[in-house]
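S.K.: Here you go, one structure.
The values are calculated or read from the model by the stated rules, or taken from the named source; none is laboratory data. Given the structure is predicted, the values throughout are model-derived calculations rather than measurements. So basically every Cβ, Gly included, is an ideal-geometry build from the backbone, and we count neighbours across all protein chains shown. When the accessible area is computed, the model is the full protein with side chains, heavy atoms only, and any ligands, DNA or RNA have been set aside. Shrake-Rupley method; radii C 1.70, N 1.55, O 1.52, S 1.80 Å.
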Amino acid sequence: MLRCILCQKRRTRNDGRNKENIIEDVANTKEDANETQAEKSEEPKQELCYEIKHSEEMGRYITATREIKAGEVIIEAPALVVGPCSGCALICLGCYREVDETNITKCTGCKWPLCSSSCPGLGKYTGHSTYECATLKAITPDYNDIEDLKDSYQALTPLRCLLLKKEDPDKWAAISAMEAHNDIRRARGDIWPMNDKNVVQRLKNWGLEYDDEEIHTVCGILEVNAFEVGGSGANARALYDGAFLLAHDCTPSTTHTDAERAPGRPLTVRAAVPHQAGDIISLCYAYTLQGTLRRREHLKLSKFFECACRRCADPAELGTFASALRCPRCGSCVLPAAPLRPAAPWRCTACAHVTPPAAVHVLLRRLTDEFEQIDANDVLGFEKFLSKYRNVLHDSHYLFLSAKHSLSQLYGKVSDYMIHQMSEEQLLRKIEICRDLMKVFDIIEPGYSRLRGITLYELHAPLMVLTTRDFERKTITKENLRNRLKEIVSYLSEAALILGFEPRHSAEGLMAAAARDALRRIRTWERFVGKIS
């Protein structure tokens with residue numbers, strides 16, 4: 001079965017914060033050993049709540065062996081290998097943050113790029129290990145050709161896998177057990193030649209003697225099974241034992257986080273919704289805020305299969321209408337007649353007007369290009385996009401969902417739209433946007449999902465400001481005030497619970513702390529309205 005996942009990316013970046021850790025120190029060798037020891041000295045493993053199954057259609061996958069509650073940990077495993085994403089910018093080999101090309105810190109051992117001499121990833125197998133440093137000492141990077149240096153990063157994660165054959169045979173064995181789909185990839189006219197040029201030949205030019213087929217297999221394992229990891233601004237991918245067995249579904253039943261600062265950079269997979277014994281445990285390998293055409297195209301091109309899940313097979317995408325267009329004749333919904341057949345026509349649900357699939361593809365490409373030109377902090381730009389195409393796209397079309405998702409976080413946080421400066425109209429607009437998103441998230445990312453947690457937190461803020469203003473103007477009854485506060489408390493409580501699963505120092509972890517703080521402040525209102533909950 002094909003397994004990988006793309007973390008849902010933000011359109012902003014954060015700078016890394018580093019600790020003292022010098023690569024030449026003997027302490028680095030100890031740190032590698034300590035990190036490995038931390039994995040081996042964990043508490044005794046509890047009995048698994050899942051079992052591995054196999055089918056001709058799905059390959060290996062896992063199902064629940066008992067009832068699993070929402071929020072319960074299903075899999076928790078340290079990384080087998082971590083490395084740069086393919087096609088990334090110039091990044092630090094220790095922490096994967098982008099580095100300034102005009103001011104590069106060079107590793108004192110191998111001269112390859114770092115963020116600083118105190119990068120926390122130095123000497124760790126999850127970053128720039130001592131054995132990688134020793135290998136790269138003989139491969140001096142050419143800082144006069146930055147573009148070629150960037151291209152060379154495509155070979156680094158495969159190299160890290162291959163180095164494990166000698167440095168950590170157990171990890172190598174776990175990686176080797178993963179599916180590479182060499183036959184499918186070899187038959188493709190793009191992937192195999194690209195890997196041969198960017199990885200196989202690169203490693204040969206570096207004087208590293210590995211078998212061509214073995215290198216291609218490692219490339220396939222990474223393409224099929226790797227998770228993109230890290231917060232905003234990171235450019236890393238990782239392989240995890242166990243987690244690669246999760247089945248794909250465009251409405252996933254789990255959520256996951258990786259603890260960037262913890263030894264071994266463990267991945268935690270939790271149930272987003274309750275599972276019963278026998279239920280397939282799934283995640284989504286694509287971006288859930290995409291329409292069926294885009295998701296299936298991504299899965300076919302990069303994960304080598306055509307998805308036929310319930311959401312993909314339903315023209316209305318489980319009632320979300322995330323791909324629906326507006327009929328140019330009557331304004332009703334235009335949906336694909338057969339969403340699993342890209343060449344099928346699109347038809348209006350009211351007047352039977354037919355739109356050729358080629359016309360749909362051209363329209364979506366043009367609108368996507370226009371959408372992607374909007375600056376990440378441009379509130380008016382996103383609002384104008386929504387207004388301009390309101391008669392072309394359905395209200396919950398995936399391009400509109402993406403615009404609303406951005407607006408839900410921009411309103412209240414950027415210049416000219418700070419939360420306490422916003423007008424009543426703007427506050428109501430933020431509430432409307434958040435509620436629109438929640439209707440869709442409750443279907444495509446149900447339960448304890450990161451998207452729902454963030455949106456619940458964003459929803460509480462305008463409600464709280466409006467409630468405070470009404471209270472100060474004395475235009476709200478005591479009963480209405482209590483009801484509004486109960487609603488806000490419910491949103492904050494769920495947001496704090498969901499986002500509390502995220503690493504403490506991540507953006508979502510900090511948002512969880514802010515939600516808990518807001519809940520404490522709301523308790524001070526009880527002297528006016530009595531007990532809220």
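Rundown of residues vs (1) under 25 Å from LEU164 (Cβ atoms); (2) open to solvent by less than 20 Å² (accessible area, probe 1.4 Å); (3) of a type outside the set (A, V, I, L, M, F, W, C), yes/no style:
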{"position": "TRP206", "(1), (2), (3)": "yes, no, no"}
{"position": "HIS216", "(1), (2), (3)": "yes, yes, yes"}
{"position": "LEU246", "(1), (2), (3)": "yes, yes, no"}
{"position": "PRO252", "(1), (2), (3)": "no, yes, yes"}
{"position": "ALA262", "(1), (2), (3)": "yes, no, no"}
{"position": "PRO274", "(1), (2), (3)": "no, no, yes"}
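S.K.: Please verify whether LYS439 is in a helix (DSSP H, G or I) and open to solvent by 20 Å² or more (accessible area, probe 1.4 Å), treating the condition exactly as stated.
M.R.: Working: in a helix (DSSP H, G or I): yes; open to solvent by 20 Å² or more (accessible area, probe 1.4 Å): yes.
So LYS439 passes the test.
S.K.: Okay, next question. If you scan the range 502-533, which residues turn out to be open to solvent by 50 Å² or more (accessible area, probe 1.4 Å) and within 21 Å of the chain's Cα centre (by Cα)?
M.R.: Listed by number, the residues that qualify are ARG504, HIS505, ALA507, LEU510.
S.K.: Please list, ordered by first then second residue, the pairs with beta carbon atoms under 9 Å, 6 or more apart or interchain, first in the range 49-64 and at negative phi and touching a residue at least 60 places away in the same chain (Cβ under 8 Å), second polar (S, T, N, Q) and open to solvent by 80 Å² or more (accessible area, probe 1.4 Å).
M.R.: Close Cβ pairs (under 9 Å, with a partner that is polar (S, T, N, Q) and open to solvent by 80 Å² or more (accessible area, probe 1.4 Å)) amount to ALA64/GLN276.
S.K.: Regarding PHE305, is this residue closer than 24 Å to ASN195 by Cα and open to solvent by 30 Å² or more (accessible area, probe 1.4 Å)?
M.R.: yes
S.K.: For residues that are open to solvent by less than 10 Å² (accessible area, probe 1.4 Å) and part of a helix (DSSP H, G or I), scanning just the range 105-147, find the one that is nearest to ALA77 (Cα to Cα).
M.R.: Looking at residues that are open to solvent by less than 10 Å² (accessible area, probe 1.4 Å) and part of a helix (DSSP H, G or I), I get GLU132.
S.K.: Quick one: in the range 276-299, of everything that is within 24 Å of LEU437 (Cβ to Cβ) and part of a loop (DSSP other than H, G, I, E, B), which residue is most open to solvent (accessible area, probe 1.4 Å)?
M.R.: So the residue we want is TYR287.
S.K.: Is one or more of the residues making up the range 189-202 surrounded by 15 or more Cβ atoms within 10 Å (Cβ to Cβ), of a type in the set (D, E, K, R), within 30 Å of the chain's Cα centre (by Cα) and within 26 Å of LEU149 (Cα to Cα)?
M.R.: Checked against the condition, which is being surrounded by 15 or more Cβ atoms within 10 Å (Cβ to Cβ), of a type in the set (D, E, K, R), within 30 Å of the chain's Cα centre (by Cα) and within 26 Å of LEU149 (Cα to Cα), the range 189-202 yields at least one hit.
S.K.: Exactly one condition in (1) under 24 Å from CYS333 (Cα atoms); (2) touching a strand residue (DSSP E or B) at 6+ places or on another chain (Cβ under 6 Å) is false for LYS404; which is it?
M.R.: Every listed condition holds for LYS404 apart from (2).
S.K.: Another question, then. Would it be correct to say that CYS88 is touching a helix residue (DSSP H, G or I) at 6+ places or on another chain (Cβ under 8 Å) and modelled with pLDDT under 90? Reasoning before the result, please.
M.R.: Values: touching a helix residue (DSSP H, G or I) at 6+ places or on another chain (Cβ under 8 Å): yes; modelled with pLDDT under 90: yes.
It is true that CYS88 is touching a helix residue (DSSP H, G or I) at 6+ places or on another chain (Cβ under 8 Å) and modelled with pLDDT under 90.
S.K.: Give the number of residues within the range 446-464 that are on the phi < 0 side of the Ramachandran plot and either open to solvent by 20 Å² or more (accessible area, probe 1.4 Å) or in contact with an Asp or Glu (Cβ under 9 Å, 6 or more places away or on another chain) (or both).
M.R.: Filtering the range 446-464 for residues on the phi < 0 side of the Ramachandran plot gives 446, 448-464.
Narrowing further to those that are either open to solvent by 20 Å² or more (accessible area, probe 1.4 Å) or in contact with an Asp or Glu (Cβ under 9 Å, 6 or more places away or on another chain) (or both): 446, 448, 450-454, 456-457, 460-461, 463-464.
So the answer is 13.
S.K.: If you don't mind, another one. Which is in contact with a strand residue (DSSP E or B) (Cβ under 6 Å, 6 or more places away or on another chain) and charged (D, E, K, R), of GLU228, GLU260, GLU223? Explain how you work it out, then say what you get.
M.R.: Details: GLU260 fails: in contact with a strand residue (DSSP E or B) (Cβ under 6 Å, 6 or more places away or on another chain); GLU223 fails: in contact with a strand residue (DSSP E or B) (Cβ under 6 Å, 6 or more places away or on another chain).
Matching residue, one of GLU228, GLU260, GLU223: GLU228.
S.K.: Are any of the residues in the range 317-328 in contact (Cβ under 8 Å) with a residue 40 or more places away in the chain, touching a strand residue (DSSP E or B) at 6+ places or on another chain (Cβ under 7 Å) and surrounded by fewer than 19 Cβ atoms within 10 Å (Cβ to Cβ)?
M.R.: So far as the range 317-328 goes, no, none of its residues is in contact (Cβ under 8 Å) with a residue 40 or more places away in the chain, touching a strand residue (DSSP E or B) at 6+ places or on another chain (Cβ under 7 Å) and surrounded by fewer than 19 Cβ atoms within 10 Å (Cβ to Cβ).
S.K.: To continue, here is another question. Go over the candidates LEU80, LEU48, LEU2, LEU93 one by one and state the one that is assigned to a loop (DSSP other than H, G, I, E, B) and at pLDDT 95 or above.
M.R.: Details: LEU80 fails: assigned to a loop (DSSP other than H, G, I, E, B); LEU48 fails: at pLDDT 95 or above; LEU2 fails: at pLDDT 95 or above.
Step by step, each of LEU80, LEU48, LEU2, LEU93 is checked, and only LEU93 is assigned to a loop (DSSP other than H, G, I, E, B) and at pLDDT 95 or above.
S.K.: Residues that are of a type in the set (Val, Ile, Thr), open to solvent by 60 Å² or more (accessible area, probe 1.4 Å) and over 25 Å from the mean Cα position of the chain (by Cα): does the range 337-351 have at least one? Give the steps one after another, and end with the answer.
M.R.: First pass over the range 337-351, keeping only residues of a type in the set (Val, Ile, Thr): 349.
Keeping just the survivors that are open to solvent by 60 Å² or more (accessible area, probe 1.4 Å) gives 349.
With the extra rule that they be over 25 Å from the mean Cα position of the chain (by Cα), the set shrinks to 349.
Yes.
S.K.: What residue, among those in the range 467-481 that are touching an Asp or Glu at 6+ places or on another chain (Cβ under 9 Å) and not β-branched (Val, Ile, Thr), is modelled with the highest pLDDT?
M.R.: Going through the qualifying residues, I end up with ARG469.
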